[in-house]
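The values are calculated or read from the model by the stated rules, or taken from the named source; none is laboratory data. Computed from a predicted structure; not experimentally measured. Every residue, glycine among them, receives a Cβ derived from its backbone with ideal geometry; neighbour counts consider all protein chains shown. Ligands, DNA and RNA are stripped out before the accessible areas are found, and what is left, the full protein with its side chains, is counted by its heavy atoms. Shrake-Rupley method; radii C 1.70, N 1.55, O 1.52, S 1.80 Å.
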Amino acid sequence: AQSVTQPDIHITVSEGASLELRCNYSYGATPYLFWYVQSPGQGLQLLLKYFSGDTLVQGIKGFEAEFKRSQSSFNLRKPSVHWSDAAEYFCAVGARGGGSYIPTFGRGTSLIVHP
Amino acid sequence: EPEVTQTPSHQVTQMGQEVILHCVPISNHLYFYWYRQILGQKVEFLVSFYNNEISEKSEIFDDQFSVERPDGSNFTLKIRSTKLEDSAMYFCASRQIGLAGGRNEQFFGPGTRLTVL
């Protein structure tokens, strides 16, 4: 079964600084990979996903993530953080095959942005 | 932009009571899901539903839980006799029929916070 580790529970950055949120997965083959963001009182919004092809994936709100098979990682990055990026970020891995995949989520990383 | 909606946003109930959580998936989606997130823990899969039946469920989804699509738009999660440990945020999600690539993502609702006293 697949699993996801987000080693950082909280990350604090200053507005305008760069950001990298870590995600490591465990899965026997090439997985589907996702990053979701959850703002207070909101649902989970998909930031970006990797299915195949280019390992550097661009998402919404200026985020990107890079799939590194050798490191089993899918870290999320943003070059300059805005105060509105403060939220909970979830990495998820989905198994391939079948019509109804079920993503497995990490515990989440809470991003705090200082002015 | 179409979105998944959930009601109520917060539900408080007494232990042993039945609760029904409501979701309206995106209208052209055919796969429906329930997840829960206990405070400070991971988002956990409960159940998926397709073609008017459960397609997958986790070990969390025991006999106390049931799902239903009572009409063409609603998707409900029922907990028959709530326990303290059922206190969590419950998310509904929906997905279009399985297509390769970008159509395969799930869209999540804002969640219902269930508090069992």
Item checked: Charge dipole magnitude, Cβ of K and R +1, D and E -1 - the range B:5-99, Cα centre, debye nearest 20 -> 240
Check: Just how large is the dipole of the range A:3-114 about the Cα centre, in debye to the nearest 20, putting +1 at every Lys and Arg Cβ and -1 at every Asp and Glu Cβ?
Finding: 300
Checklist line | Solvent-accessible heavy-atom area per residue, rounded to whole Å², over chain B at 1.4 Å | finding: 50
Check: Expressed as a rounded percentage, what relative contact order does the range B:1-85 have, with Cα pairs under 8 Å and six or more residues apart?
Finding: 33
Item checked: Debye intensity ratio in log₁₀ form over the Cα atoms of the protein assembly as shown, taken at each q of 0.11, 0.14, 0.18 Å⁻¹ -> -0.56, -0.90, -1.39
Check: In the range A:3-114, what percent of the accessible surface is made up of carbon and sulfur (1.4 Å probe, ligands and nucleic acids excluded)?
Finding: 48
Notebook entry, point to check: Between chains A and B, what is the buried accessible area in Å², counting both sides, with a 1.4 Å probe and ligands, DNA and RNA left out, to the nearest 100?
Noted result: 1800
Note to self: Which of the three applies to the range A:3-114, rounded, prolate or oblate, going by the alpha-carbon gyration tensor with a ≥ b ≥ c and a/c under 1.5 meaning rounded?
What the structure shows: prolate
Next item on the list: Would you mind pulling out the separation of the Cα centroids of the range A:16-87 and the range B:41-85, in Å?
Entry: 28
Next item on the list: Report the charge-dipole magnitude of the protein assembly as shown in Debye, nearest 20, computed about the Cα centre from +1 at each Lys and Arg Cβ and -1 at each Asp and Glu Cβ.
Entry: 320
Checklist line | A:E15 paired with A:R69, simple spin-label distance in nm, labels 7 Å along Cα-to-beta-carbon | finding: 4.2
Check: At what distance in nm do the modelled label points of B:N52 and B:S66 sit from each other, each positioned 7 Å from its Cα along Cα→Cβ?
Finding: 1.6
Margin query: Taking the Kirkwood radius as the inverse of the mean 1/r across Cα pairs, report the Rg/Rh of the range B:5-99.
Written below: 0.95
Checklist line | From phi via Karplus (6.51, -1.76, 1.60), per-residue ³J(HN,Hα) for the range B:7-20 in Hz, x at Gly/Pro | finding: 9, x, 6, 9, 10, 10, 9, 8, 3, x, 7, 8, 10, 10
Next item on the list: For B:M15, enumerate residues with amide H under 5 Å from its amide H, sequence gap 5+ or separate chain, H modeled in the peptide plane.
Entry: B:L117
Note to self: Whole-Hz ³J(HN,Hα) for each residue in the range A:57-66, computed from phi via Karplus 6.51 cos²θ - 1.76 cosθ + 1.60 with θ = phi - 60°, x for glycine and proline: what do you get?
What the structure shows: 10, 9, x, 7, 6, x, 8, 9, 8, 10
Notebook entry, point to check: How high is the relative contact order of chain A, in percent, with contacts defined as C-alpha pairs under 8 Å that are six or more residues apart?
Noted result: 37
Checklist line | DSSP-assigned coil residues among trypsin sites (Lys or Arg not before Pro) in the range B:33-66, each with at most 14 further Cβ atoms within 10 Å | finding: none
